[in-house]
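One structure below.
The values are calculated or read from the model by the stated rules, or taken from the named source; none is laboratory data. In this text, all values refer to a predicted model and were calculated from it rather than measured experimentally. Virtual Cβ from ideal backbone geometry, glycine too; neighbours counted across all protein chains shown. To get the accessible areas, we keep the full protein, side chains included, count just its heavy atoms, and leave off ligands, DNA and RNA. Shrake-Rupley method; radii C 1.70, N 1.55, O 1.52, S 1.80 Å.
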Amino acid sequence: MAELPSRTDVLIIGAGAAGLMCAAVAGQRGRDVLVLDHANKVGKKILMSGGGRCNFTNLYTSAENFYSQNRHFCKSALARYSQWDFVALVERYKIPYHEKTLGQLFCDNKSQNIVDLLLAECRDAKAHVRTRCKIQQIEAMDAGFQLYTNMGKVFCQSLVVACGGLSIPTMGASGFGFDIARQFDIKVVPTRPALVPFVLQSQQLKQQQELPGQSLLVTANCGLGSFTEQLLFTHRGLSGPAILQISSHWHNGQAVEFDLAPKLNLPQWLATQCKLLPNTCLHKVLLKVWRKRLVQYFLQQRTLISKPLKQYSFAELAEIGEALQNWILIPADTEGYRTAEVTLGGVDTNALSSQTMESKKQPGLYFIGEVLDVTGWLGGYNFQWAWASGNAAGEVV
């Protein structure tokens, strides 16, 4: 196992999206850059993202798409390195991509294209990347930091923490970045899993045993959050974009309210159907809205009997429509960090400069990417934060 160089200008902990971006930008400025990662390969989260095609940014990125106790913190970095800047980089490398839905941009081929792009940028900038390197101790010195690792010790002038949050521990995620913040007396905002599926009680699952794999468009509401996207029934509970999005607003014990037909006013629609198709049974009419299994489930849950529409009064149809349209559910829990795409909370942004990502307490110490208390919506926003925060630190370290 080769030892590390004894000194470097910039040392970055974490060879993920933010860390590699920062390395490339700093190296382009002529800085001597070393990136260390404890994993056996770089960019693991990039590789698994977007079903293996990497949803690398979103065309509609703005500060409104992020959660933080300091909602203004992300504005500067996002303004100085926008989604258009990263799209231009992707196009420079001739990586084919497409817009899927709601401004989400994916590689046509595979996520490896983005990892290759970042590594090429690092090579061109003469930034060095080392894997399987475990950091054992960090000491602040007069003009930088001394790091002790399983590959030897190295001194750096600037130390950038880009080792992510707690989500998906099987890929090596840990709270190491938070430990570093605490070592230097920087507050860590309490964390929890985000962009994560819901788990339901066993009784609820028993009632839904015919539904795993079924999906439908819903509007999910919880707290201040409201998202109109697909819901997916699973063997453990509920998933799909609508659930992942609303999970960032959910706390244990809270109810989630669903509009199961967001494109319709179901009471009015049923009244219209009654005039057009008076002899058609309720369940058959509802097949225009949902698939057969879903219709059966929704009727059973509300103990509704299917009859020809003409056999209901308009008041009864309005009541039925209201009951079918709205569904209130209290999840048992989420699937936790095991499947969460990101970590909500993290290093307190009030302790950092929004221009540079540098600690206000410890000169030369920077935090970027998911380790910070900045969490984006589903759909490429978290990658855009990685690019923008990595760029912000890379311009000054």
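Charge dipole of segment 249-397 (Cα centre as origin; +1 on each Lys and Arg Cβ, -1 on each Asp and Glu Cβ, all else neutral): 1120 debye, rounded to the nearest 20. For Tyr60 and Glu210, the FRET efficiency from 1/(1 + (r/R0)^6), where r spans their Cβ atoms and R0 equals 25 Å, is about 0.10. Extension gain for the segment Leu276 to Lys307, taken as residue separation times 0.36 nm less the Cα-Cα distance, is 9.6 nm to one decimal.
Modelled this way, with points 7 Å down the Cα-to-C-beta line, the labels at Leu287 and Ser354 are 5.5 nm from one another.
Remark: for residue pairs Lys45/Lys126; Lys126/Lys187; Lys44/Lys361, the C-alpha separation exceeds 27 Å in Lys126/Lys187; Lys44/Lys361.
At a probe radius of 1.4 angstrom, the accessible area of segment 160-221 per residue rounds to 42 square angstrom. Carbon and sulfur together cover what percent of the accessible area of the chain at a 1.4 Å probe radius? Using a 1.4 Å probe with all protein chains present, the chain comes out at 50 percent carbon and sulfur. Rg over Rh for segment 1-130 works out to 0.99, both radii taken from alpha-carbon positions and Rh defined as the Kirkwood radius.
Just checking my list (i) 84, 42, 38; (ii) 76, 48, 34; (iii) 57, 53, 50 against Cα extents along the principal axes in Å computed from this structure; which label fits? Computed from these coordinates, Cα extents along the principal axes in Å corresponds to label (i).
Let me know the shape class of segment 348-397, please: from the alpha-carbon gyration tensor, a ≥ b ≥ c as square roots of the eigenvalues, rounded when a/c is under 1.5, otherwise prolate if a/b is greater than b/c, or oblate. Oblate shape, in that a/c is at least 1.5 and b/c is the bigger or equal ratio.
A simple charge model with +1 on the Cβ of Lys and Arg, -1 on the Cβ of Asp and Glu and nothing else charged puts the dipole of the chain at about 980 debye relative to its Cα centre. When you count the other C-beta atoms within 10 angstrom of each residue and take the mean per peptide, 113-126, 325-338 line up highest first as 113-126, 325-338. Entry comment: accessible area of segment 268-377 is 47 Å² per residue, from protein heavy atoms only and a probe of 1.4 Å.
Relative to the longest principal axis of the Cα atoms of the chain, helix 266-276 runs at roughly 40 degrees.
Taking 27 Å as the straight-line reach from the Cα of Lys307, the lysines in range (excluding those fewer than 8 positions away in the same chain) are Lys206, Lys263, Lys275, Lys284, Lys288, Lys292.
Rounded to the nearest 10 degrees, the inclination of helix 292-301 to the longest alpha-carbon principal axis of the chain is 80 degrees.
Summed over the residues of segment 2-80 and divided among them, the accessible surface reaches 40 Å² per residue at a probe radius of 1.4 Å. The sum of -39500 (n - 2.57) across all DSSP H runs of n ≥ 4, divided by the residue count of the chain, sets its helix-only mean residue ellipticity at 222 nm to -8500 deg cm²/dmol. Using a 1.4 Å probe on the protein heavy atoms only, what accessible surface does Arg53 show? Give it in Å² to the nearest 10. Approximately 110 Å² for this residue.
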